[in-house]
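Student: Would you mind keeping the following structure in view while I ask a few things?
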Amino acid sequence: MGDKNVLVIGGGTAGLSAAVELANLGVHVELIEKSKFLGGHAIGYTCKAIENTCVKCGACMVEEKLQSAVFHPNINVLAASQVQNISQNNRFSANIRQESLVIDPEKCTNCGLCLNRCPMEGAILQGFSKNNHPFYAVNIKKCLYFKDRSCTICRDECPETAIDLDKKASEHTIEADAVLIAIGFKPFNPKDKPYGYGRFNNVVTGLDLERMLKQSGRVKKPSDNKLPQKIAFIQCVGSRDAKLNHLWCSKVCCGSALRMARLIKERQPKTEIAFFYMDVQTFGKDFEPFYREAQKDIRMIRAIPGDIYEMDDRRLKINFVNNSTHETKEEIVDLVVLSVGITPVEDIGTMSRIFKIGPDESGFLRTDHNGVFTAGTVQGPMSIPETIANSGSVAWKIKKYIDGLTIDD
Amino acid sequence: MKKQTLILGNGPCAVAVAENLLTVGSKIIIATKDDVGGFIGYADSEDLQILTETRLVSCQGSVGNFRIEATQNNKSVTIDAGRIIIAEEDQRTSNFSLYGLKASSNVIPLSRMKILLNDTSPEESVLSEIKKVIFLTGIVKESTPVIANEVMESSLLLQKEFNIQTYILTKNLKVVGDGLESLYRETKNAGTIYIKFTDSLPGIYQEEDTIRIEFVDEITSRNFRLTPDMTVVDETIVASPYLTDLTKIFHIEADADGFVQADNVHRYPVLTNRKGIMVTGPSRGILTDDDQRIDAENAALAVTGLAEEEMETKLEKAEIHSEKCIQCLNCYHLCPHHAITLNERVEVEPDACEGCGICTANCLGGAIRIKNLNLQAILHQIKTGDVAQAEQTFTPLLVAFCCSRSAVQARELALCMGHELPLGLKVIQVPCAGAISYDHIFAVLKNGADGIMLLTCHKGNCHSERGNIFAGQVVKLIKGIFSIIGFEKERLSIQTLASNMGTEFSWITNRFEKTIAALGPSRLMKNQWPENQRRPNMKGNTG
């Protein structure tokens, strides 16, 4: 016990959950995460409880997994790190490159002065969880120092001298008995849909809304920071779409969107909400009563809009065909939320190459052979509770494999 | 040496659990109320014992040491087990009555159609005479992806193997499952016609042997009348009634539909409110075959894990001082983890105790202690004069009892996010809001608090299931007392939070500060301040 090592690639819900399960079994885990903050997409999700009652979205579970992982003695975390290459000779040997973290976690006290003083918007990034430590990171794509060395304000003013703008990237070698690929999903990019995402400020994605609610507790129009009077949710953007060959339901969007819609109705009761959908999908054990309540407050429109235009006053005109009358109808709203689907993440390509395993026909990656495993949404759409269950089952498989109890066919 | 694990059930999920445990060399015992079922071909061995026709009667002890009494063919048997995994199969009820239909040779439930499709070759089947089949699913009551999958698979076979025209009448087609959207497309390509209802419903008429279904198609707005040769009615998956017995025997929570496992994210995927008792697959909800396999692996993981033993030692456990115990049995009845046992004395099972403190808050004799929860330790944290008072402004001393799993974490996030919190806010961490007693609140009030908040987990998110509800009852009662004695009720507040609600933590606490600042200092306090530290707006009030 304790002499086995597992490399977990990806520090989102799946990677964290599987790492914690393995670590609890006495397995040592090296967890590497590409971005600067652990927790994946879901750590930015908001709690959607209404009427002081949990609606089982699972966002708090991600927080709990993150907390367990960062304090676990059997888990070693490398943020801002990626696999360069990997060789397998009984065990795996992986070369990892860790980008410079710039802010020293040992010294940083999360005071936030760097963010306050930074003259470039977006150059200091903020985490989502108190277990994102440091809570701040330097975005070298925006930082002026990395552009032309013209600014060193954060370094100069940091009271703890925690910022080293010249810090170099580092290389690590990790030996492992098994590898878990838990690199998550890519939210569908709706810029090619006729909904004006990226062109109209007040068209946002479901993920944007999750983060907005988590940050500020309210929904505001990005154009002027004012509260919207009328919001439209559009479901199945990039899911169940034969034209894109996306022949899957993303599973999480109906739950996420309806829960956020009800949360908004509770916090900003004057807001009118329209919900464009194909079929409302079941989520959770309390789906029926939840959906019944939702239908009282939210106007359900069974249609997927054709396109969206921005009007002179920045309001948005949504065109859709009314099913029963066949007339083109329009709906004018202040904010549009696109429920973008779960799609395969680009890094599946890299992983396929490194580990010589091919994705399935939809482009997702699923394997449990020869010491290489996948968990979570890299396998396909999953909710947070499903991801946690899936990761537990994969942790079990990994444990059996490293103990020599698996017979590979 | 670990004791054997008891598995309840004889279906595919129970078999999957057993297989996983046998692989890692665990000792298991299977008790099924029916025959061997899926365990056919399994022989008793040193690691495996199967008890058929065995129904549980009672269970004593706790994790690591359960003693279960059962009956097998009217004889009683005793089973000792370290862990218990519930894997009973679910049941199905046909939805004929929802559609106003009666079963007949051509109105059949979905399960019957599955049997027809499985049993015979196309040529010999009763289906060979049939040209048109209608499926009714999720029209009156929402369907589930498990049922939708069966409907679509049956429909596909009818189209492809039997050349039968199929219609699926539904409201929301449930494609929220692996491969279901592809299956939907495949059935459409094979010729299945989908008719979806949104606001309207079809008229369904049964006269002797004929079924007539009339509706206005929502897409074409045209009237349709269908007269199928066979009508297949969907089913509702329900919990086995045996689970009701098991919830009582084991003192475990069930959800609103009778499945074992409260609808609480902290229990996902296979945990219950009792340590060492796991629940899987069709005993905890409506799950696909894949999800049942995943459950079985998670249960095996939970049984094998050292986690519980190693990590929980950090918890402060409840201790009963028997000389003070008046045997009111509040602890026994209220413990959400069933960690209190009744022998000659009332005792805490340390392995089962999760340290929530609900017993201490409700102990009439004051006999139960958890370190860090006693009054002295808490009052030590609150002292009058703790809050520096600026000239002319009143900074209220606000005491927030915060649940360690939610509000304590939310506060840390609020600070990280740079939110300003009230100057006079004092946080007292409690393992669960259910640990807060009347004594705590009155003592804190007496010690100088101008306002008291109980910040708990949301309903349905309490790790101890009802801790937040108990806290709510305490608040309600004390507010009642306040109104009788004419003390401002607003000084006591209960709010719910989750660990990831940093922004909301700052809203709630700042709003409370405003309320209390407007009320002014607590009058319980007015004579306790030394003359030179009197709060500014108390001048003239002290005479």
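Student: Order of B:454-467, A:181-194 by packing, highest average Cβ count within 10 Å first?
Tutor: Top of the packing list down: B:454-467, A:181-194.
Student: Where Rh denotes the Kirkwood radius from the mean inverse Cα pair distance, what is Rg over Rh for the range A:308-377? Mind showing how you got there, number by number?
Tutor: Values: Rg = 21.2 Å, Rh = 16.2 Å.
Value, to two decimals: 1.31.
Student: Report the antiparallel proportion of the DSSP beta bridges in the protein assembly as shown as a percent, rounded to a multiple of 5.
Tutor: Around 45 percent of the beta bridges assigned by DSSP in the protein assembly as shown are antiparallel ones.
Student: Next question. What does the structure give for A:58-67 when I average, per residue, the other chain Cβ atoms found within 10 Å of the residue Cβ?
Tutor: 5
Student: Could you tell me the largest-minus-smallest coordinate of the C-alpha atoms of the range B:375-533 on each of the three principal axes, in descending order and whole angstroms?
Tutor: Extents along the principal axes, in whole Å: 47, 38, 28.
Student: Which percent of the Cα-Cα distances in the range A:285-409 go past 21 Å?
Tutor: Counting every Cα pair in the range A:285-409, those more than 21 Å apart make up 64 percent.
Student: May I have the pair-distance distribution P(r) for the range B:166-214, computed from all Cα-Cα distances with 5 Å bins from 0 and rounded to whole percent?
Tutor: 5, 17, 21, 21, 16, 12, 6, 2, 0
Student: Counting partner chain Cβ atoms within 10 Å of every residue's Cβ in A:208-214, what's the average?
Tutor: Average per residue, whole number: 1.
Student: Under the Karplus relation 6.51 cos²θ - 1.76 cosθ + 1.60, θ = phi - 60°, what is the ordered set of whole-Hz ³J(HN,Hα) values for the range A:137-146, x standing for Gly and Pro?
Tutor: 8, 8, 8, 5, 6, 9, 5, 5, 4, 6
Student: Can you tell me the Rg and Dmax of the range B:92-237, counting just the alpha carbons, in angstroms?
Tutor: Cα-based Rg and Dmax for the range B:92-237 come out at 14.1, 41 Å.
Student: Right, next: If you add up the charges near A:PRO159, with Lys and Arg at +1 and Asp and Glu at -1, over every other residue whose beta carbon is less than 14 angstrom from its beta carbon, what do you get?
Tutor: Values: positive: A:LYS107, A:ARG117, A:ARG155; negative: A:ASP104, A:ASP156, A:GLU157, A:GLU160.
In short, -1.
Student: For the residues B:PHE66, A:PHE146, what sequence is obtained by ranking on other C-beta atoms within 10 Å, fewest first? Intermediate results must be reported in sequence, preceding the final value.
Tutor: On the way: B:PHE66 22, A:PHE146 16.
Lowest count first: A:PHE146, B:PHE66.
Student: OK, next. Tell me, Kirkwood radius of chain B from alpha-carbon pair distances, in Å?
Tutor: Numbers: mean 1/r = 0.0362 Å⁻¹.
It works out to 27.7 Å.
Student: Let me ask you something else. Work through the residues other than B:GLY365 whose Cβ is under 11 Å from its Cβ and net out their charges, Lys, Arg +1 and Asp, Glu -1. Don't skip to the end; give the middle numbers.
Tutor: Numbers: positive: B:LYS324; negative: B:GLU323.
Local charge sum for B:GLY365: 0.
Student: Quick one: 3J(HN,Hα) in Hz for the range B:468-484, Karplus 6.51/-1.76/1.60 with θ = phi - 60°, rounded, Gly and Pro as x.
Tutor: The phi angles translate into 5, 6, 4, 4, x, 5, 4, 4, 4, 5, 5, 4, x, 5, 4, 5, 5 Hz.
Student: Hey, got the Cα dimensions of the protein assembly as shown along the principal axes, in Å, largest first?
Tutor: Computed over the Cα atoms, the extents are 101, 80, 69 Å.
Student: Report the relative contact order of chain B, percent, no decimals, based on alpha-carbon pairs under 8 angstrom and at least 6 residues apart.
Tutor: Numbers: 1054 pairs, mean separation 58.6, N = 543.
Reported as a whole number, the value is 11 percent.
Student: Rounded, prolate or oblate, given the Cα gyration tensor of chain A, with a/c below 1.5 counting as rounded?
Tutor: Verdict is oblate for chain A.
Student: As a test, work out the antiparallel percent of DSSP beta bridges whose residues both lie in the range A:188-342, rounded to the nearest 5.
Tutor: Antiparallel: roughly 40 percent of the beta bridges in the range A:188-342.
Student: Given only helices, namely DSSP H runs of n ≥ 4 each adding -39500 (n - 2.57), what is the per-residue ellipticity at 222 nm of chain B, to the nearest 500 deg cm²/dmol?
Tutor: -8500 deg cm²/dmol
Student: Next question, about the same structure. The range A:321-409: which trypsin sites (Lys or Arg not before Pro) are DSSP loop and have at most 10 other beta-carbon atoms within 10 angstrom?
Tutor: Answer in residue order: A:LYS356.
Student: Could you work out Rg/(2.2 N^0.38 Å) for the range B:318-369, with Rg from alpha carbons only?
Tutor: With N residues counted in the range B:318-369, Rg over 2.2 N^0.38 Å equals 0.95.
Student: List the residues, sorted by chain then number, that are 5 or more residues from B:ILE85 or on another chain and whose placed amide H is less than 5 Å from its amide H.
Tutor: B:LEU6, B:ILE7, B:LEU8, B:MET278
Student: A further question on this structure: Taking the number of other C-beta atoms within 10 Å as the exposure measure, put A:GLU310, B:GLU89, B:GLU323 in order starting with the fewest.
Tutor: In increasing order of surrounding Cβ atoms, one gets B:GLU323, A:GLU310, B:GLU89.
Student: Further question on the same structure: If amide H atoms are built 1.01 Å from N in the plane of the peptide, which residues on other chains or at least 5 residues away come under 5 Å of the amide H of A:LYS230?
Tutor: A:GLU272, A:ASP334, A:LEU335
Student: Right, here's the next one. Using modelled backbone amide H atoms (1.01 Å from N, in-plane), which distant-in-sequence or interchain residues come within less than 5 Å of A:THR343's amide H?
Tutor: A:LYS186, A:PHE188
Student: Okay, helix-only estimate at 222 nm for chain A: each DSSP H run of n ≥ 4 adds -39500 (n - 2.57), divide by all residues, round to 500 deg cm²/dmol; what do you get?
Tutor: One gets -7500 deg cm²/dmol as the mean residue ellipticity at 222 nm.
Student: Further question on the same structure: According to the square roots a ≥ b ≥ c of the eigenvalues of the Cα gyration tensor, what is the shape class of the range A:1-76, taking rounded for a/c under 1.5, prolate for a/b larger than b/c otherwise, and oblate for the remainder?
Tutor: Because a/c hits 1.5 or more and a/b exceeds b/c, the range A:1-76 counts as prolate.
Student: So what is the relative contact order for the range A:188-342, in percent, with contacts set as C-alpha pairs under 8 Å and at least six apart?
Tutor: Numbers: 280 pairs, mean separation 52.0, N = 155.
Result for the range A:188-342 is 34 percent.
Student: Within 10 Å of each Cβ of B:496-508, how many other protein chain Cβ atoms are there on average? Each step should come with its number before you reach the end.
Tutor: On the way: counts 6, 4, 10, 12, 17, 8, 6, 7, 6, 0, 1, 2, 0.
The mean count of partner-chain Cβ atoms within 10 Å per residue comes to 6.
Student: Please list, short to long, the whole-number percent of alpha-carbon pairs of the range A:188-342 in consecutive 10 angstrom bins beginning at zero.
Tutor: 11, 43, 38, 8, 0
Student: Also, quick follow-up: Using the Karplus equation 6.51 cos²θ - 1.76 cosθ + 1.60 (θ = phi - 60°), what ³J(HN,Hα) coupling, rounded to whole Hz, does each residue of the range B:162-179 give in order, writing x for Gly and Pro?
Tutor: Karplus-based 3J(HN,Hα) across the range B:162-179 equals 10, 6, 9, 6, 10, 10, 10, 9, 8, 9, 9, 6, 8, 10, 7, x, 4, x Hz.
Student: Relative contact order for the range A:37-174 using alpha-carbon pairs under 8 Å, separation at least 6, rounded to a whole percent?
Tutor: Working: 198 pairs, mean separation 34.8, N = 138.
That works out to 25 percent.
Student: As a test, work out the antiparallel percent of DSSP beta bridges whose residues both lie in the range A:261-352, rounded to the nearest 5.
Tutor: 75
Student: Let me ask something else. Based on alpha-carbon positions alone, could you give the equivalent ellipsoid semi-axes of the range A:144-243 from the gyration tensor, as √(5λ), descending, whole Å? The partial results should precede the final answer.
Tutor: Details: eigenvalues 260, 139, 44 Å².
Ellipsoid half-lengths, sorted descending, are 36, 26, 15 Å.
Every number in this text was worked out from the coordinates using simple rules, so none of it is lab data. None of these values were measured; they are calculated from a predicted model. Neighbour counts run over all protein chains shown; Cβ positions are idealised from the backbone, glycine included.
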